[in-house]
Amino acid sequence: MHDNPESIAFFATSDFSGLVRGRGVPVRNLPAFLESGCGWVPADQALTAFDVIGEGNPFGASGDLRLMPDPATEVRIVDDAGRPPWHFFLADIQTLDGDPWSCCARFFLKSALADLEERFGLGLSVAFEHEFTLLGDPAPAPGFSMRAFRREESTVTAIITALRAARVPPEMVLPEFGQSQFEIPLSPAPALTAADRAVVFREVVRDVAERLGRRATFAPKVRPEAVGNGVHIHFSFVDSKGRPVTYDAEGPGELSAPAAAFAAGVLRHADALAALTAPSVVSYLRLKPHHWAAAFACLGRQNREATIRICPSTRTGRDPAAGHHLEYRAADATASPYLALGALVRAGIAGLEENLPAPPLVDTDPADLDPAACERLGVRPLPGDLAAALDALAADKVAMGWAAPDFWACYLAMKRSEWAGLADYDHVALCDAYARVY
């Protein structure tokens, strides 16, 4: 079945705000647009989530770019509601000369993955876990319960059906702790594919919920007292032949030396990373002690208060190397998957470059440790708000080398404008504002 020639295909980019923006082209002219892309504007990258152009961004009103669709990312979903087919491509941002634009979030991830492979012979298998809340259900149900699942099963089933049509395979569906909160882990995939799927996932969930008269939000907090929505990034390493190389029975936490060095790099740069993985004002209402949300930089086995959790697989009848992996927990869906994963890879590469030793294992709640134990184990709290995280990023000379100066000038200007624009909001107003956008 072909689209009506008057229908539209959308070229989409996940930008610095973590939102998906872009332009539509007529399907009748799609072959030409697949070759040439369509126009884009540098200052679009400086838009906050609230549609304010970040003050002090390096672009102003000047410049032109191209959105270049990746044909491998095409999504086309036909529903039975009489709407046009939902047809879109994820796009890279290029200069008019056809080169990757230095401020393209997808290129940021691509270049980090290329360095990881070329310099260390390592690839990443990645799975994103998203938590989201379906708003508007007046009848509460117990957390994790069958009742909570059945109450929303028709909506969740429609979401799963649409995800499969979009070639975004879910691994399972979990009713979560919060009211009308769900978690859907995606199946592992090569890192770029996993990030692409994470972008598509969020759009599909929101679209299906809206079509059914509901509203889905991925905001880190829906209400100040509510359970938060996070994004957990699971990752493991493979060698040049695709063999798993995260596991070492003799290593601390059964981690191989490369996996341990990578984790150590992530923890060394965790403060700067927070500005990219938990990049909204409301993110820091979630990153609190005792919230299972990674308020402290540390590594732990099966410790959901740690920034990085070692996740062993079941050992019954299986090779333990097959499922042994790490989980980065200090992330949420106000971050672009490309920026979050790309920054994670860059921090890990820094650890590999220095061959850092394995971080100490923290297998208790880090908030319960006394100062001497924190010093001995290298445990420290993550930044307490977005402004502190942005300052940590700007002060981290290694992190500032992960991308071009314009990249950071744009990102910091945009995020500091977001912070300033919400300075007068109380916590209730903050949650409402982000729940509407994300």
Lysine pair count for region 109-437 [Cα-Cα under 27 Å; pairs on different chains or 8 or more apart]: 8
Using DSSP, restrict attention to beta bridges with both residues in the chain and report what percent are antiparallel, rounded to the nearest 5. 85
Most exposed first, judged by fewest Cβ atoms within 10 angstrom, 431, 104, 374 run 374, 431, 104
Sort region 8-99 into rounded, prolate or oblate with this rule: let a ≥ b ≥ c be the square roots of the eigenvalues of the Cα gyration tensor; rounded if a/c is under 1.5, and if a/c is not under 1.5, prolate when a/b is larger than b/c, oblate otherwise. oblate
Cβ-based charge dipole, region 109-437, positive-most Cα from 338, 116, 292: 338
Modelled FRET efficiency - R0 22 Å, residue 361 with residue 313, Cβ distances, 0.05 increments: 0.75
Full extension from residue 174 to residue 249: what is 0.36 nm times the residue separation minus their Cα-Cα distance, to one decimal in nm? 23.9 nm
Between region 409-438 and region 97-122, how many Å separate their Cα centres? 29
Among 50, 73, 85 the positive-end extreme of the charge dipole of region 8-99 (Cβ point charges): 85
Taking 0.36 nm per residue of sequence separation and subtracting the Cα-Cα distance, how much length would be gained by fully extending the chain between residue 400 and residue 167, in nm to one decimal? 80.4 nm
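Values quoted throughout were computed directly from the atomic coordinates according to the rules given, and no laboratory measurement underlies them. All values derive from a computational prediction rather than experimental measurement. For neighbour counting, all protein chains shown are included, and Cβ atoms are generated from backbone atoms with ideal geometry for every residue, glycine included.
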